[in-house]
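The values are calculated or read from the model by the stated rules, or taken from the named source; none is laboratory data. Here the structure is a predicted model, which means the values were calculated and not measured. We place every Cβ from the backbone using ideal geometry, glycine too, and count neighbours over all the protein chains shown.
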Amino acid sequence: MKDQLNIGIIGYKFMGRAHSNGWRQAPLFFDIPATPVLKAACGRHEPYVRAFADKWGWEEVETDWKKLVSRPDIDIVDIALPQNLHYEIALAAAKEGKHIFCEKPLSMTSRQAEEMLKVCEDNGVTHYLNHNYRRTPAVAYIRKMVDSGQLGRIFHWRCAYQQDWIVDPDFPLTWQLRQDVAQAGPQWDLNSHAVDLAHFLVGDIETVTSMITSFIGERPVADETASGSLSAQAQGTGKEKVTVEDAALMIVKFKNGAIGSFEATRFATGRKNHLTFELYGSKGSILFNMERMNEFQYYSLDDQAGQQGFRTILATEPEHPYAGNWWPAGHIIGYEHAFVHAVADFIKGVAAGTPVKPDFEDGLKIMQVLEAGLESAEAGRQVTI
Ligand code: SOE
């Protein structure tokens, strides 16, 4: 095994920055078998990608992703791009024998996901799908509590992922609002995270019933070069049709008998990145809010009668996965840390030749649920996966 692995990243906006920080920080805080080298950054617009590379410490710049993925010195391809570009790049990278670190959501369709998984398996490369929220210490610890049986049998999953960045009708039509690039709105962007967490904490989903809606029909044309990180600038005075839904609701039945709900919207005024989930089991319950990611609430039926109630647990102790690699107990961490954790686990997986979850197989399952949601909303009936 090499003691250095060369990374080639494609994309340099919000996720390009979050991933770059992950590659840089991981060897400083985690004991990993190889050091990631920030070898080359790739993007179509040379001056922008060069400025990004200079700032984040990428050694070289490419403007053609095909060239990047075929470079013999690149070991890992990091796809930090919108989902319409994942399929073609992942297939090419896997065929070149590169390990893949791919931003969510995995693809436009489950057909694409299936092929991406197959080509990665055929070429023996590690494929990781970046649903980073699994790797916050609280969420990883909650999974341990579920596994140990502490919550008993899970009856209910209740999840809401709420944002408000497009409430203003003058917010331009960025790529996230175009079906040809994003496939769907919050159903893809937000419910992909939520379904990943549900699969991680409850299990596989069997049936889906869904409703989607749109609130704003057209928006100013976006200047994509000046837009990013959920901010945007208009280009000219024209307007274009919004081609994805603005909000999506799903109710599901899990294979293990639990039932659950998902609410995903970009129109929850006042909510910024408000991802909450609740788990109700036969022995106890858990509440989690991503905006307060260093803690969670726990209710245990084992507590003495008269003293039962939801208590707040600070997930910053060495017992909480990843937390001990950072600061002493009580010294909180933030949004960017889960990306660092993902990079650390990814490097370990590449070195050991073991899967890094969630991977494209998990991504395929997520795609199937999200597609079932759209199908259900359109047909007005329950869909079985
Ligand atoms: C936009 O809704 C977004 O950036 C998601 O795409 C990310 O996955 C999430 O982490 C924050 O919100």
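Would you mind stating whether Leu177 is away from the ligand (no atom under 12 Å from the Cβ), surrounded by 17 or more Cβ atoms within 10 Å (Cβ to Cβ) and over 15 Å from the mean Cα position of the chain (by Cα)? Answer is no for this residue.
Among residues of segment 245-268 that are away from the ligand (no atom under 16 Å from the Cβ), those with a Cβ under 6 angstrom from a residue that is among the acidic types (Asp, Glu) and not in a strand (DSSP E or B), sequence gap 6+ or separate chain, pair up as Lys255/Asp204. In segment 230-241, what residues are in contact with a Ser or Thr (Cβ under 8 Å, 6 or more places away or on another chain) and more than 15 Å from the ligand (Cβ to nearest atom)? Selection gives Gln233 alone.
Looking across segment 269-292, the residues that are touching a Leu at 6+ places or on another chain (Cβ under 7 Å), part of a strand (DSSP E or B) and away from the ligand (no atom under 15 Å from the Cβ) come down to Glu278, Leu279, Gly281, Gly284, Ser285, Ile286. Among the residues of segment 301-314, is any more than 30 Å from Ala329 (Cα to Cα) and surrounded by 16 or more Cβ atoms within 10 Å (Cβ to Cβ)? No - not one qualifying residue is present in segment 301-314. Being more than 16 Å from the ligand (Cβ to nearest atom) and touching an Asp or Glu at 6+ places or on another chain (Cβ under 9 Å) is the requirement here; does Asn6 meet it? Yes. Checking Gly217, Gly124 one by one, the residue that is modelled with pLDDT of 95 or more, over 23 Å from Tyr322 (Cβ atoms) and not assigned by TED's automatic domain parsing to the domain that holds Gly284 is Gly124 and no other. Scanning segment 135-157 for residues that are buried (at least 16 other Cβ atoms within 10 Å of the Cβ) and either more than 23 Å from Lys283 (Cβ to Cβ) or acidic (Asp, Glu) (or both) turns up Arg135, Thr136.
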